[in-house]
Amino acid sequence: MSAAEWEQYKISDKFAELTTVKHIVHLPVARRIIEDGKIKSGLVFDKSRLKKSRTSVTWLSANDWSPGSLYGTVEFQFSWEKLVKNKRIYWVEAMPNYHPAAFRFLLTFDEMTSELVTKYDPEKDNGPLRKIDGQWRWHPDYCSEFMVADDFLISETVGIDFVHHHQKYCRTKSWGCIEQTTNPSPQMTSGRLLAYLLAHGVKDLDKHLTPDAGGRNRILDMASAWLWIVLDNIKFVGPLKSDGECDSLIRGALALFGVDRIDDGKKLLALVTGSAEAHAALARLVRSHFNTPSWDFGL
Ligand SMILES: [Zn+2]
């Protein structure tokens, strides 16, 4: 551990502005986070100097991964400016064997006395994280890993998005990661999460999904289009057609979709008399959830 370690990763001419950092998880973990109302920090289990400490952290990164994420498919986004406020910054380590190499910083409210980390001043120290004239920068050729000794409330998210899982590797499940092997599209993951939010009446992420004045929202359009297609593939055989009956059934089916029981949800919805009634019930639920009476599918 020396000052020279971070200088190998220093920003030269190439840098990216650091505004948003992301916490990516698998869909079941995303549901748990939403239920808890926050991302709970946890002890470090990864290969790291901090594994020996009792520090609880939340992992965030500024990177986008074109081959897919190693951590899952649901991305919670936070403001770096807000996150870094009133926190101390420490250099933890570099992981030169990762592809690309990773650099790790620890952010804490309290002074760290541990010899495992080194105090880092982004205005003076010449590493992959800098603050120059009030603007935050990072080195985008490396994997940025920020370990923050704090919980993150869902209400503090500045955005949510959906990504592909990496097709070869999963960093959190050593084997049998369903998202790695089945490679769900961002549309499918967003649709399943929307089903969960609608069925349970969860409002905490509404600010990222609510339609604009023109009735559109990128995430809501993508997620509701997936649900529309699922409904379109049901063979409707049932007798139920009143609005009240269809509204109850759609809520039940979405609750099943929301816990990955797609086929069971489809069987339940098949009790509706036809596709038009089912789609209309879904539209009514979206309108009522977001309080947007004129909303319709953006297909
Ligand atoms: Zn995985």
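The values are calculated or read from the model by the stated rules, or taken from the named source; none is laboratory data. Quick caveat, the model's predicted, so the values are computed rather than measured. Neighbour counts run over all protein chains shown; Cβ positions are idealised from the backbone, glycine included. Side chains are part of the model used for accessible areas, which takes the heavy atoms of the whole protein and leaves out ligands, DNA and RNA. Shrake-Rupley method; radii C 1.70, N 1.55, O 1.52, S 1.80 Å.
The residue that is nearest to the chain's Cα centre (by Cα), counting only those in segment 47-85 that are open to solvent by 50 Å² or more (accessible area, probe 1.4 Å) and farther than 18 Å from V117 by Cβ, is Y71.
Across segment 113-127, the number of residues qualifying as without any contact (Cβ under 8 Å) to a residue 40 or more places away in the chain, under 10 Å from I89 (Cβ atoms) and part of a loop (DSSP other than H, G, I, E, B) comes to 2. Here A270 meets each of (1) out of contact with any Leu (no Cβ under 9 Å at 6 or more places or on another chain); (2) hydrophobic (A, V, I, L, M, F, W, C); (3) modelled with pLDDT of 95 or more; (4) open to solvent by 30 Å² or more (accessible area, probe 1.4 Å) with one exception, condition (4). Restricting segment 162-186 to residues that are more than 10 Å from the ligand (Cβ to nearest atom) and open to solvent by less than 30 Å² (accessible area, probe 1.4 Å), the residue that is farthest from the chain's Cα centre (by Cα) is P184. Quick check: is even one residue across segment 279-286 surrounded by fewer than 20 Cβ atoms within 10 Å (Cβ to Cβ) and not in a helix (DSSP H, G or I)? Taking every residue of segment 279-286 in turn, none turns out to be surrounded by fewer than 20 Cβ atoms within 10 Å (Cβ to Cβ) and not in a helix (DSSP H, G or I).
Examine segment 70-82 for a residue that is in the same structural domain as K131 (by TED's automatic domain parsing), acidic (D, E), more than 16 Å from the ligand (Cβ to nearest atom) and part of a strand (DSSP E or B), and state whether such a residue exists. Walk me through how you get there before you give the answer.
Step one: of segment 70-82, the residues in the same structural domain as K131 (by TED's automatic domain parsing) are 70-82.
Checking the rest, the ones that are also acidic (D, E) come to 75, 81.
Filter again for more than 16 Å from the ligand (Cβ to nearest atom), leaving 81.
Filter once more, so that each one left must be part of a strand (DSSP E or B): none.
There is no residue in segment 70-82 that is in the same structural domain as K131 (by TED's automatic domain parsing), acidic (D, E), more than 16 Å from the ligand (Cβ to nearest atom) and part of a strand (DSSP E or B).
Within segment 128-142, the set of residues being crowded, with 18+ Cβ neighbours inside 10 Å and part of a loop (DSSP other than H, G, I, E, B) comprises P128, H139, P140, Y142. A residue that is within 16 Å of the ligand (Cβ to nearest atom), part of a loop (DSSP other than H, G, I, E, B), in the same structural domain as F152 (by TED's automatic domain parsing) and within 30 Å of L197 (Cα to Cα) occurs nowhere in segment 28-42.
In this structure, does K235 turn out to be surrounded by fewer than 18 Cβ atoms within 10 Å (Cβ to Cβ) and assigned to a loop (DSSP other than H, G, I, E, B)?
Working: surrounded by fewer than 18 Cβ atoms within 10 Å (Cβ to Cβ): yes; assigned to a loop (DSSP other than H, G, I, E, B): yes.
Criteria met by K235.
Answer with yes or no whether L116 is more than 16 Å from the ligand (Cβ to nearest atom), at pLDDT 95 or above and farther than 30 Å from M222 by Cβ. Break it down into steps so the answer makes sense when it comes.
Details: more than 16 Å from the ligand (Cβ to nearest atom): yes; at pLDDT 95 or above: no; farther than 30 Å from M222 by Cβ: yes.
Here the answer is no, as L116 does not meet what is asked.
Specify the residue that is nearest to D46 (Cα to Cα); the eligible residues are those in segment 143-161 that are of a type in the set (S, T, Y) and open to solvent by less than 50 Å² (accessible area, probe 1.4 Å). Quick ask: steps written out before the conclusion?
Filtering segment 143-161 down to residues of a type in the set (S, T, Y) leaves 144, 155, 157.
Keeping just the survivors that are open to solvent by less than 50 Å² (accessible area, probe 1.4 Å) gives 144, 157.
Working: S144: 15, T157: 25 Å.
Step by step, filter segment 143-161, then rank; the result is S144.
Within segment 45-69, if we keep just the residues that are in contact with a Ser or Thr (Cβ under 7 Å, 6 or more places away or on another chain) and under 18 Å from A101 (Cβ atoms), the residue that is farthest from the ligand (Cβ to nearest atom) turns out to be A62. Pairs linking a residue in segment 174-187 that is free of Cβ contacts under 8 Å to residues at least 40 places away in the same chain to a residue that is near the ligand (Cβ under 10 Å from one of its atoms) and basic (K, R), with Cβ atoms under 9 Å and 6 or more positions apart or on different chains, are Q180/K173. Using the structure shown, decide if I219 is in contact with a strand residue (DSSP E or B) (Cβ under 9 Å, 6 or more places away or on another chain), open to solvent by less than 60 Å² (accessible area, probe 1.4 Å), part of a helix (DSSP H, G or I) and not assigned by TED's automatic domain parsing to the domain that holds E75. Taking the combined requirement at face value, the residue satisfies it.
Across segment 43-69, the qualifying residues are those that are assigned to a loop (DSSP other than H, G, I, E, B) and closer than 30 Å to L209 by Cα, and the one among them that is modelled with the lowest pLDDT is S66. Just to be sure, is D204 part of a loop (DSSP other than H, G, I, E, B) and more than 16 Å from the ligand (Cβ to nearest atom)? Considered against the rule, which asks whether it is part of a loop (DSSP other than H, G, I, E, B) and more than 16 Å from the ligand (Cβ to nearest atom), D204 comes out as yes.
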